[in-house]
Amino acid sequence: MHRFIVPGTPEIGEDLTLPADISHQIARVLRLHEGDEIRLLDGEGGEWTASLTRIDPKQSLAHAMSAFEGSPEPIAQITLYAALIKYDRFEFMLQKATELGVSRLVPFVSAYTNARPPSDNRLSRWRRVIAEAVEQSGRTELPELDPTVNFTAAVAEVGSSGILLWEAEDRLSLRDALAQHDGTNLGLFIGPEGGYSADEVEAAKSAGLALAGIGPRVVRAETASIAALTMALAHFGDMDPRCLPHGH
């Protein structure tokens, strides 16, 4: 069933006017019909089953019928601190991290970052990518997308609740770093193609982050983020299909 994030909270029995972009998708792209059922999300955990009562590419209507218990959000609150890379690859990272279950996404710049901070238009596009990934994946909450920050400020903020993936670390694996981690709040740092400077590594150590390796092979930043996030969610028990509500 198609799922759409809508502004506001639908009331049961209410006819809700759908935004123009969703109306266009329903009428022109998906070619749905009156009477077809869809799901409406508020992006904050609420989900409702609704029936389309009017199809119009500019202003469709949906009748909210009942609340729906969607898939639970992850137990772990994981923030992915990701160095800016080429925009298309960063966008791919945002999409896949959202599908997996990230709670918050924070782009950062560091000494060897080549990409520039995104424009307002680019940020709007990235938010649409995140929203579409929520709709597609069965999630009910929108991850936060923070403004771009400086690496040093980010590690100071996170401190001992963070793990930094570092290609030169050959003693502590990410698996072992996760085993040593206390609590379910975690900041995962994925660096740029050029890696970290010596000063940045020292700043991370001084702030209290654990430095961990992800394996013997060299992988792209977006690959590292997906692998690390998957390992972290599995560690916290969030990759178990038994987490699904009854009936899925």
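Results, tabulated for the structure shown:
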| read-out | value |
| --- | --- |
| Residue check for Ser71: surrounded by fewer than 17 Cβ atoms within 10 Å (Cβ to Cβ) and touching a residue at least 60 places away in the same chain (Cβ under 8 Å) | yes |
| Selected residue (criterion: surrounded by the fewest Cβ atoms within 10 Å (Cβ to Cβ)) from residues of the stretch 182-216 that are over 25 Å from the mean Cα position of the chain (by Cα) and over 18 Å from Val106 (Cβ atoms) | Pro216 |
| Residue within the stretch 21-38 that is part of a strand (DSSP E or B) and under 22 Å from Ser71 (Cβ atoms) present | yes |
| Residue satisfying condition, being closer than 21 Å to Leu145 by Cβ, touching a helix residue (DSSP H, G or I) at 6+ places or on another chain (Cβ under 9 Å) and not acidic (Asp, Glu), within set Leu211, Leu188 | Leu188 |
| Top-ranked residue in the stretch 195-217 [being among the hydrophobic types (A, V, I, L, M, F, W, C) and in a helix (DSSP H, G or I); ranked as farthest from Ile163 (Cα to Cα)] | Ala198 |
| Complete set of residues in the stretch 218-247 that are modelled with pLDDT of 85 or more, in a loop (DSSP other than H, G, I, E, B) and closer than 15 Å to Trp166 by Cβ | Val219 |
| Test: residue in the stretch 43-52 that is over 19 Å from Glu135 (Cα atoms) and without any contact (Cβ under 8 Å) to a residue 24 or more places away in the chain | no |
| Out of Arg122, Arg127, Arg175, sole residue that is of a type in the set (Lys, Arg), in contact with a strand residue (DSSP E or B) (Cβ under 9 Å, 6 or more places away or on another chain), within 25 Å of Asp88 (Cβ to Cβ) and at pLDDT 95 or above | Arg127 |
| Test: Gly13 is out of contact with any helix residue (DSSP H, G or I) (no Cβ under 6 Å at 6 or more places or on another chain), in contact (Cβ under 8 Å) with a residue 60 or more places away in the chain, outside the structural domain of Glu193 (by TED's automatic domain parsing) and of a type outside the set (D, E, K, R) | no |
| Residues located in the stretch 37-79, provided they are under 30 Å from Ser225 (Cβ atoms) and of a type in the set (S, T, N, Q) | Ser71, Gln77, Thr79 |
| Of all residues making up the stretch 149-181, the number that are surrounded by fewer than 16 Cβ atoms within 10 Å (Cβ to Cβ), in contact with a Leu (Cβ under 8 Å, 6 or more places away or on another chain) and of a type in the set (S, T, N, Q) | 1 |
| Hits in the stretch 118-146 - residues which are of a type outside the set (S, T, N, Q) and free of Cβ contacts under 8 Å to residues at least 40 places away in the same chain | Pro118, Asp120, Arg122, Leu123, Arg125, Trp126, Arg127, Arg128, Val129, Ile130, Glu132, Ala133 |
| Wholly enclosed strands (runs of 3 or more DSSP E) of the stretch 52-171 bearing at least 1 residues under 24 Å from Met1 (Cβ atoms) | 61-67 |
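The values are calculated or read from the model by the stated rules, or taken from the named source; none is laboratory data. Remember, it's a predicted structure, so these values are computed and weren't measured experimentally. Reconstructed Cβ throughout: ideal geometry from the backbone, glycine too, with neighbour counts over all protein chains shown.
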